[in-house]
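Only one structure is covered here, and it is reproduced in the block below.
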Amino acid sequence: MNDESSFLGYQRADNRIGVRNYTAVISTVLCANTVTRKIADVTGAHAFTHEGGCGQL
């Protein structure tokens, strides 16, 4: 076991630290793609849509 701590972030220009967070909105059916894209547009998330039809995986 390693007792050293690590942090995967970056230093900003003003010397504060930051991390990169991503939020995904995932559609599991074709009929939800429009809503998925709209939610992603409003929130700044990434939209992942399903093109296989409603209820078809």
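The values are calculated or read from the model by the stated rules, or taken from the named source; none is laboratory data. Predicted, not measured: the structure shown is a model, and the values here were computed from it. Because the Cβ atoms are built from the backbone with ideal geometry, glycine has one as well, and the counts that use them run over all protein chains shown.
In the set (1) aromatic (Phe, Trp, Tyr); (2) in contact with a strand residue (DSSP E or B) (Cβ under 7 Å, 6 or more places away or on another chain); (3) without any contact (Cβ under 8 Å) to a residue 12 or more places away in the chain, the condition left unmet by PHE7 is number (2). Checked against (1) basic (Lys, Arg); (2) over 19 Å from the mean Cα position of the chain (by Cα); (3) surrounded by 10 or more Cβ atoms within 10 Å (Cβ to Cβ), ARG12 meets all criteria but (3). Within the stretch 22-49, the residues that satisfy the criterion of being outside any helix (DSSP H, G or I), closer than 27 Å to GLY9 by Cβ and not hydroxyl-bearing (Ser, Thr, Tyr) are ALA24, VAL25, ILE26, GLY44, ALA45, HIS46, ALA47, PHE48. Beta carbons closer than 6 Å, at least 6 apart along the sequence or on distinct chains, pair a first residue in the stretch 15-39 that is among the hydroxyl-bearing types (Ser, Thr, Tyr) with a second that is part of a loop (DSSP other than H, G, I, E, B) and modelled with pLDDT under 90 for SER27/HIS50; THR28/HIS50.
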